[in-house]
Amino acid sequence: MPRHLIAIALALLLPACAATGPARTPPPEAGASAADAAPMQHDPRLHAAPPQAPSLPSPVVVPLDAVALAALPRETVEATAHGQSLRCEGVALAALLRHAGALPEEPLRGAQLARYVLVDARDGYRALFALADFDPTLGNRAAYLIDRCNGEPLGDDVGPLRLIVPDEQRPARWVRQVHAITVVVAP
């Protein structure tokens, strides 16, 4: 392309680029404090809302004691792991999260979508889920915190509590010896 055409194109485009978009606020002077600086104004032409600090508690430690578990309806679930069929009893993780105040009754939205569930085992094994996985209007994932299988309490090698997720292709996020469940707002 000839140089004179490039110069003409730049002469026409640069003023147009500089004239579009919201006006920028100059940085505060060297001696000015942050309080003296003008607050950023939201441009109504933008589609996104200005960022809001989430007012969600974090972390939420989910109680796993016998009293908390006894307050929830028990469910029976059948699952297969490593070629072994299991018939287990326990509580739905979604019900436990609701009982702890970590999963609201209404559909998740906004800052709630940036929360995750961390399941810790006694041996250091961990599994992570998005909180939205357990919202019935989003992931609707079935996961259970069980304490009995095949009519017997869980042994020390897998219990006293175990998280199972029956619909997953492989049991990588099934957690034996669960000792903590925490719901955290992602940074």
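So that you can scan it fast, the table gives a plain yes or no per residue for (1) of a type outside the set (A, V, I, L, M); (2) more than 20 Å from the chain's Cα centre (by Cα):
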{"residue": "Ala81", "(1), (2)": "no, yes"}
{"residue": "Ala95", "(1), (2)": "no, no"}
{"residue": "Ala100", "(1), (2)": "no, no"}
{"residue": "Ala121", "(1), (2)": "no, no"}
{"residue": "Phe129", "(1), (2)": "yes, no"}
{"residue": "Ala143", "(1), (2)": "no, no"}
{"residue": "Arg148", "(1), (2)": "yes, yes"}
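Residues in region 160-168: is at least one in a loop (DSSP other than H, G, I, E, B), β-branched (Val, Ile, Thr) and modelled with pLDDT under 95?
First, the residues of region 160-168 that are in a loop (DSSP other than H, G, I, E, B): 160-161, 165-168.
After this cut, where a residue has to be β-branched (Val, Ile, Thr) as well, the list is 165.
If we keep only those that are modelled with pLDDT under 95 too, we end up with none.
There is no residue in region 160-168 that is in a loop (DSSP other than H, G, I, E, B), β-branched (Val, Ile, Thr) and modelled with pLDDT under 95.
Please tell me if Ala121 is of a type outside the set (Val, Ile, Thr), touching a residue at least 40 places away in the same chain (Cβ under 8 Å) and either touching a His at 6+ places or on another chain (Cβ under 7 Å) or exposed (fewer than 15 other Cβ atoms within 10 Å of the Cβ) (or both). Let's see the steps before the verdict.
Values: of a type outside the set (Val, Ile, Thr): yes; touching a residue at least 40 places away in the same chain (Cβ under 8 Å): yes; either touching a His at 6+ places or on another chain (Cβ under 7 Å) or exposed (fewer than 15 other Cβ atoms within 10 Å of the Cβ) (or both): yes.
In short, yes.
Any idea which of (1) within 20 Å of the chain's Cα centre (by Cα); (2) surrounded by fewer than 17 Cβ atoms within 10 Å (Cβ to Cβ) is the one Glu152 doesn't satisfy?
Of the numbered conditions (1) within 20 Å of the chain's Cα centre (by Cα); (2) surrounded by fewer than 17 Cβ atoms within 10 Å (Cβ to Cβ), the odd one out for Glu152 is (1).
Does Thr76 satisfy being in contact with a Cys (Cβ under 8 Å, 6 or more places away or on another chain) and free of Cβ contacts under 8 Å to residues at least 40 places away in the same chain? Show your work before the answer.
Details: in contact with a Cys (Cβ under 8 Å, 6 or more places away or on another chain): yes; free of Cβ contacts under 8 Å to residues at least 40 places away in the same chain: yes.
Yes, satisfied.
The values are calculated or read from the model by the stated rules, or taken from the named source; none is laboratory data. Computed from a predicted structure; not experimentally measured. Every residue, glycine as well, gets a Cβ built from its backbone with ideal geometry; the counts of neighbours run over all protein chains shown.
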